[in-house]
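Working notes, beginning with the structure itself.
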Amino acid sequence: MTDWLMALAQTLLFVAMAPLLGGWIKRVKCHMQNRAAPSLWQPYRDLAKLFRKHTVLAANASWIFRATPYIVFGATVLAAAVVPLVAVNLPTAAIADVIVLVGFFALARFFTALAGMDIGTAFGGMGSSREMMIGALAEPVMLMAVFTLAMSASTTNLSEAVTYTLNSGLVLRPSFIFAALGLMMVAVAESGRIPVDNPATHLELTMVHEAMILEYSGRHLALIEWAGQLKLMIYLVLVANVFFPWGIATEMSPDNLAKGLVAIAGKLALLGVLLVTWETVMAKMRLFRVPQFLGFAFLLSLLGMLTRVVLESGL
Amino acid sequence: MELGQLSLYDQAILLFAAIVLFTSFVMLAQARIVPLIHTFAWQGTLLAVTTALVAYATNHPHLYISAGMTFLLKALLIPWMLHRLAVRLRIHRDVEAVAYPSLTLLAGGGLVIFSYHVALPIVQLSALITRNTIAVSIAVVLLGMLLMITRKKAISQVIGFMSIENGLFFAAVVSTYGMPMVVELGIAFDVLVAAILFGVFFFQMRASIDSLDVDRLNRLREVDR
């Protein structure tokens, strides 16, 4: 029973902290680009403002358009429940593995793309087609990286994989390094960050994610934006906890949990700085160069798997 | 046996071998000349580090000399010469049009699998700690060949050729802990002489056909009709 309560608390923490991470990334980015930075709590204020506002629906919006924000947010929250944040061995982690996680993301993406086309504006359809192209290329990379991990840990369950990495101590695995790099590139592409998409622009030529949700307003927009922040956090937590699991709580004692909380906060802050540095030195790339970017990410994951087979087996 | 049971140095050898393989792929994907030369220099550096690690982990001090020589020649001297050549030929800002970049990378992945398949019988016979990296060294050789095949500019082909030599040297280090010193010295100077000769050849080529595109060498006539 307490385990389930812990799992619930962890998921709530995940959902509550996602805007904070977004605020932290925005703040670091502003500092790095010599701009005045908004407060860390600004994303919460934005969400609160959007929740208070009226929702404007197009006259020809179908039920898909109205249901999509809830489906997207629900799928992303369920995905967050699967990922170990502060502690491992929670019951929610045991019922779903990482393939289900990819499935949740695919479900959310599918409905966002449908909603983009539902209203019938030119932008929505364009954004949907771009999003599906990126998604189709990014998904195999993520699965490949995960399978590399699964080959070493002999499981696709995230909690068990984290425990495996934790127990084997410091081992220099070439496959993990390549898989981590591939996963980071996918994280950048999937959460619509800079070389692939720019989250802060409404320029017609470059929009991908923004183009699909252009017609949303009020609480619908709030839910979708929140889900976006949550998705970025899920990816960063995946990278942080699967490849560098040190500090995560393995038992449910308060001091262990506190240690896990501090560890994950530190790791996420560090990854956020890394992401911002990467975004600042990179330029947004042309849409038609995105397949090349993701092709390189696929190559990294493939190399991870190949080095797993060639170098790390039969020792 | 698990990877975790090896000593940290043996793990580091495997890690650096994997990164050497990675630099080969980066060279395949890199279309600009100067970054290509830099990646080649990094491959030389990593090769030297791997050789030094093998020397330390297996207690073969003569490999330190090979490592030092590799570093001087392949990480410093040859890249410097190629870079100077590129600047003097005014091609250092050129971007080469690589046909089918993604397909080339996938073909590279296929080559790695092929070399793993080829090296498997050798690996089963050997008892060396570095035996798993034999497949990687064969892959580096084949990837260098792929680089030569896919590129048209003479300077990229030279880098592919040097990368093949890197792979051969790597194979010698990991499968037999280095060649006899005489052979190694001979090859090192051969490579150096080749680098100098290629420089002369580039200038000749540009003087006669006004380009470094080797496909133009297929034409027999001086003037197009």
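Among residues of region A:147-178 being over 22 Å from A:L90 (Cα atoms) and of a type in the set (V, I, T), the one that is surrounded by the most Cβ atoms within 10 Å (Cβ to Cβ) is A:T148. Any chance you could count how many residues in region A:23-39 are under 17 Å from A:V281 (Cβ atoms), of a type outside the set (D, E, K, R) and not in a loop (DSSP other than H, G, I, E, B)? Within region A:23-39, residues that are under 17 Å from A:V281 (Cβ atoms), of a type outside the set (D, E, K, R) and not in a loop (DSSP other than H, G, I, E, B) number 5. For region A:168-177, the tally of residues that are within 27 Å of A:L294 (Cβ to Cβ) and more than 7 Å from chain B (Cβ to nearest Cβ) stands at 3.
Of note, A:K49 does not satisfy the criterion of being basic (K, R) and either touching a helix residue (DSSP H, G or I) at 6+ places or on another chain (Cβ under 7 Å) or not in a helix (DSSP H, G or I) (or both). Looking across region B:74-113 at every residue that is aliphatic (A, V, I, L, M) and closer than 21 Å to A:F288 by Cα, the one that is nearest to the other protein chains (Cβ to nearest Cβ) is identified as B:L105. So which residues in region A:268-310 are among the polar types (S, T, N, Q), in contact with a Pro (Cβ under 9 Å, 6 or more places away or on another chain) and surrounded by fewer than 17 Cβ atoms within 10 Å (Cβ to Cβ)? Across region A:268-310, the qualifying residue is only A:Q292. Counting only helices (runs of 4 or more DSSP H) wholly contained in region A:125-232, the ones carrying 2 or more residues that are among the small types (G, A, S) and either closer than 25 Å to A:L268 by Cα or touching a Ser or Thr at 6+ places or on another chain (Cβ under 9 Å) (or both) occupy A:158-167, A:174-190.
Counting the residues of region A:286-315 that are within 14 Å of chain B (Cβ to nearest Cβ) and part of a loop (DSSP other than H, G, I, E, B) gives 5. If the condition is being at the interface with chain A (Cβ under 9 Å from one of its Cβ atoms), more than 23 Å from B:Y56 (Cα to Cα) and small (G, A, S), then region B:1-37 contributes only B:A29. Is at least one residue of region A:135-145 touching a Gly at 6+ places or on another chain (Cβ under 6 Å) and within 14 Å of chain B (Cβ to nearest Cβ)? There is at least one residue in region A:135-145 that is touching a Gly at 6+ places or on another chain (Cβ under 6 Å) and within 14 Å of chain B (Cβ to nearest Cβ). Sub-6 Å Cβ pairs linking a first residue in region A:169-185 that is under 20 Å from B:L3 (Cα atoms) to a second residue that is aromatic (F, W, Y), at least 6 apart or interchain, are A:F176/A:F243; A:A180/A:F243, ordered by first then second residue.
Of the candidates A:R109, A:R130, the single residue that is within 16 Å of the chain's Cα centre (by Cα), more than 27 Å from A:W246 (Cα to Cα) and at pLDDT 90 or above is A:R109.
Within region A:245-258, is even one residue assigned to a helix (DSSP H, G or I) and either surrounded by 20 or more Cβ atoms within 10 Å (Cβ to Cβ) or within 14 Å of chain B (Cβ to nearest Cβ) (or both)? Within region A:245-258, not a single residue is assigned to a helix (DSSP H, G or I) and either surrounded by 20 or more Cβ atoms within 10 Å (Cβ to Cβ) or within 14 Å of chain B (Cβ to nearest Cβ) (or both).
Just a yes or no: is a residue in region B:136-158 part of a loop (DSSP other than H, G, I, E, B), surrounded by fewer than 18 Cβ atoms within 10 Å (Cβ to Cβ) and free of Cβ contacts under 8 Å to residues at least 60 places away in the same chain? Checked against the condition, which is being part of a loop (DSSP other than H, G, I, E, B), surrounded by fewer than 18 Cβ atoms within 10 Å (Cβ to Cβ) and free of Cβ contacts under 8 Å to residues at least 60 places away in the same chain, region B:136-158 yields no hits at all.
Quick grid of which residues meet (1) modelled with pLDDT of 90 or more; (2) under 25 Å from A:I99 (Cα atoms); (3) touching a helix residue (DSSP H, G or I) at 6+ places or on another chain (Cβ under 9 Å):
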residue	(1), (2), (3)
A:L158	no, yes, yes
A:L172	no, no, yes
A:A189	no, yes, yes
A:H202	no, no, yes
A:T206	no, no, yes
A:R219	yes, no, yes
A:A222	yes, no, yes
A:G228	yes, yes, yes
A:M233	yes, yes, yes
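Residues in region A:93-124 that are under 17 Å from A:A59 (Cα atoms), out of contact with any Phe, Trp or Tyr (no Cβ under 7 Å at 6 or more places or on another chain) and assigned to a loop (DSSP other than H, G, I, E, B): A:G120, A:T121. When each of A:F65, A:F51 is tested for being in contact (Cβ under 8 Å) with a residue 12 or more places away in the chain, surrounded by fewer than 18 Cβ atoms within 10 Å (Cβ to Cβ) and over 30 Å from A:N157 (Cα atoms), the lone residue that passes is A:F51.
Restricting region A:16-45 to residues that are more than 22 Å from the chain's Cα centre (by Cα) and within 14 Å of A:V273 (Cα to Cα) leaves a set whose member that is surrounded by the most Cβ atoms within 10 Å (Cβ to Cβ) is A:M32. Is it fair to say B:T45 is free of Cβ contacts under 8 Å to residues at least 40 places away in the same chain and within 14 Å of chain A (Cβ to nearest Cβ)? No: the conditions fail for B:T45.
The values are calculated or read from the model by the stated rules, or taken from the named source; none is laboratory data. Every value quoted in this text rests on a predicted model; they were computed, and no experiment measured them. Note that we place each Cβ from the backbone using ideal geometry, even for glycine, and neighbour counts take in every protein chain shown.
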